[in-house]
1. If B:Arg210 satisfies every condition in (1) in a loop (DSSP other than H, G, I, E, B); (2) without any contact (Cβ under 8 Å) to a residue 24 or more places away in the chain; (3) in contact with a strand residue (DSSP E or B) (Cβ under 9 Å, 6 or more places away or on another chain) but one, which is the exception?
2. Tell me, which residue of the stretch D:99-119 that is part of a strand (DSSP E or B) and touching a helix residue (DSSP H, G or I) at 6+ places or on another chain (Cβ under 9 Å) is surrounded by the most Cβ atoms within 10 Å (Cβ to Cβ)?
3. State yes or no: is C:Ile42 surrounded by fewer than 20 Cβ atoms within 10 Å (Cβ to Cβ), part of a helix (DSSP H, G or I) and in contact (Cβ under 8 Å) with a residue 12 or more places away in the chain?
4. Considering the stretch D:201-228 alone, what residues qualify as being over 19 Å from C:Thr174 (Cα atoms), at pLDDT 95 or above and among the acidic types (Asp, Glu)?
5. Kindly check whether there is at least one residue in the stretch C:123-138 that is in a strand (DSSP E or B), within 7 Å of another protein chain (Cβ to nearest Cβ) and under 22 Å from C:Ser53 (Cα atoms).
6. Any idea how many residues of the stretch B:190-222 are surrounded by 15 or more Cβ atoms within 10 Å (Cβ to Cβ) and either under 17 Å from B:Ala158 (Cβ atoms) or touching a His at 6+ places or on another chain (Cβ under 8 Å) (or both)?
7. Kindly check whether there is at least one residue in the stretch A:45-57 that is within 19 Å of C:Asn55 (Cβ to Cβ) and within 11 Å of chain C (Cβ to nearest Cβ).
8. Suppose we filter D:Ala114, D:Ala120 for residues that are facing another protein chain (nearest Cβ under 8 Å), within 14 Å of the chain's Cα centre (by Cα) and either β-branched (Val, Ile, Thr) or closer than 29 Å to A:Gly146 by Cα (or both); which single one remains?
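The values are calculated or read from the model by the stated rules, or taken from the named source; none is laboratory data. All of these numbers come straight from a predicted model, not from anything done at the bench. Glycine gets a Cβ as well: all are built from the backbone with ideal geometry, and neighbour counts include every protein chain shown.
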Amino acid sequence: MSGTLEHLDRGPLSKDEIAAMIARDIPDGSYVNLGIGQPTLVADHLDADSGVVLHTENGMLGMGPAATGDDVDPDLTNAGKIPVTELAGASYFHQADSFAMMRGGHLDVCVLGAFQVSGGGDLANWHTGAPDAIPAVGGAMDLAIGAKEVFVVMSLFAKDGTAKLVRACTYPLTGLACVSRVYTEHATFVVGPDGATVVETFGIGVDELRGRLDVDLHRLTT
Amino acid sequence: MSGTLEHLDRGPLSKDEIAAMIARDIPDGSYVNLGIGQPTLVADHLDADSGVVLHTENGMLGMGPAATGDDVDPDLTNAGKIPVTELAGASYFHQADSFAMMRGGHLDVCVLGAFQVSGGGDLANWHTGAPDAIPAVGGAMDLAIGAKEVFVVMSLFAKDGTAKLVRACTYPLTGLACVSRVYTEHATFVVGPDGATVVETFGIGVDELRGRLDVDLHRLTT
Amino acid sequence: MSTVTIHDDADAAVASVADGATVLVGGFGMAGMPVTLIDALIRQGATDLTVVSNNAGNGDTGLAALLSAGRVRRIVCSFPRQKDSWVFDGLYRDGRIELDVVPQGNLAERMRAAGAGIGAFFSPTGVGTPLAEGKETRTIDGRDYVLEMPIRGDVALIGAHRSDRLGNLVYRRTARNFGPVMATAAATTIVEVREVVPTGALDPESVVTPGIYVDHVLDLSALEGDVA
Amino acid sequence: MSTVTIHDDADAAVASVADGATVLVGGFGMAGMPVTLIDALIRQGATDLTVVSNNAGNGDTGLAALLSAGRVRRIVCSFPRQKDSWVFDGLYRDGRIELDVVPQGNLAERMRAAGAGIGAFFSPTGVGTPLAEGKETRTIDGRDYVLEMPIRGDVALIGAHRSDRLGNLVYRRTARNFGPVMATAAATTIVEVREVVPTGALDPESVVTPGIYVDHVLDLSALEGDVA
């Protein structure tokens, strides 16, 4: 790709368009964990013949779509406790084995939501730090450091307008230098040791993004 | 039991008699690992209705007797690589799980051979320390520290007449303070933090044993 | 000991749980949660409990009911806050329960360590986060790790699909979750199963929890027979 | 990646093994030993290998043949000395092979640690013995432990009973032994199976090694067909 693509002739991406972009960036045959919430949408955009196999950290590889009607089985849920289905070639394992798989670096990609991501790839997605908040981490810290690549999907700005791609996270951290890509409605980014690079923008230019974000933004170079 | 039993009207125990004594001392319903060699004989003396379940560290609970004829299956051996059989209620597991079971203290008894045992229960059974010996430890060190009770079966004297129940092991150690009982042809002992106590003798008295062993020997007290 | 006791009475199955015990409670949400055993534990009355479980109760039944009954002093879990965790949320905001949040993989591995005789282990999970504060860290081969300690239970209450009479267990689908690990980590493991089958009826290749880890089995099919 | 390659040619299955590689070799004695893959590795010619295996070869075939061919610089194992380990015995006494003896449970757990992302762990096995010399020790809750490090493989060669086309594996009886652990601990896992079955033919509850850990599968039934 020669330079950052600025799509100024359109508006921001919809959630489904973001999910489709992430699906496109997942190599065929990957083992993938999709976090609770918006990351789950990615499943709808994976080609059936892509060979992508979904992991759910409560103990399964080969997870199928959400279950409906008679297929609902209380013994078969995803990490969000939603009833799901089983594909041919599935397998079940207990929690220690499931997280050994994750922590051991065997998953190719995981997709997570976030409160904040830093240009260096630090992730904050488990705790707002608010005094009355009840902390709950689940498998987020294990996923953050476990998968070979961690993709984050989030809105670029919080409801109060604050940017969520930041120079340094102010929320309690989930993991250090663990995120590799960030997908938002306004732009997609590569993050990491070299800082944040804008891959594509949607309805906004890189220069305007620079004005709205307190983080150094690189353009893609050829 | 009121005091050490000295059976002076008979000779030393045979290997089968020793095995029978050990079997008698294994509580019904125990999970038991029998080491390679002489400990294996104990299996022949366990009552079928004792509920004792045999573990073999190569990955099985519910091991049955040695296989013969058409029952020989190269996929089913004990730790000595001898073909064995499977009992109803058996289960198989991999090596990490098998040694987790052992190291985690879930086996009730293991029976091991030994080169030397100290009065405090130190065990030496894996290496003579001879310069030309090829060291081989297998599961001995895991068994020594893993089972709730470690029984040793050995001859009381080596071929050169040296005592094998000693004040301190001179051979390389397998485990520290891990043995609880020692069964030999001349006597049976309880060993541990309080030193060695003679439980029963066969064809020899405690006083004569004291003369032949360089270890403090207690008599059972009422 | 292989002397597994098969119960058709939930109260008998949990009779030995003591005040102040650490109780490992299986289940991920409601999948695999031993609801019948927990209900019996509420009747049994043990209190001042420490509960280790992935969640802090869902809805008003199972673990949530135990919390609601005021029996739990402290909960160790990965994910207390859920849309149906109102019982826990209320107790926590009122300062009536202590919370120890542990990343889910560390929670599972710490119980595995207890069951496997591992004294402690270095985990990469949580490095640099508030959940690693005060813990020993070490760089090994260029990667940072936190030292994590075993979590042992006095009792485990778990749900499984089937048991034989030796306590060998099979689970069903994702209801397996914490059951096999908790069974190894507790001094006494109490299991509720949908059905007890004759010894020899389970495929030895497919047994997930060998009976060595099981002490008491509650046969729900026998229980339901009593009730009907 | 789930792109498992199914082979009917043993030479193709082991083509990528490099000189100097650390090779985890499954089997306990001959049970579970991947004899066909090892024979292919001998033909392939990779040398200066470090082999990690429970034993150091039995008789003249399998791992013993690899040693005999002079391809192994160093062996990490728990039990080299056996009545039929004459190939290893000769090399060792001639100073032509290095030996690292590791207690069997530590060997398994160290490979598990590699596969599970554990940086190191404290084991009670071997404390106070020559095999703990030079290792860090620590007393935890009144018990003494030795710090043990992960053992990683570049390649694992293992034997299993059946595979589906995604590389999900089931084993048979005690031939399971080191296979599942080694599959997790190696960058590339190569398996020989007696039969490849269609995806969906294995019970998901009974899969022992999920396909995520498998890269190459040699179908011995196809191979035997070729030979016949």
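1. Against the list (1) in a loop (DSSP other than H, G, I, E, B); (2) without any contact (Cβ under 8 Å) to a residue 24 or more places away in the chain; (3) in contact with a strand residue (DSSP E or B) (Cβ under 9 Å, 6 or more places away or on another chain), B:Arg210 comes up short only on (1).
2. For the stretch D:99-119, the residue satisfying everything is D:Val101.
3. Taking the combined requirement at face value, the residue satisfies it.
4. Result: D:Asp215, D:Asp219.
5. yes
6. The total comes to 12.
7. yes
8. D:Ala114
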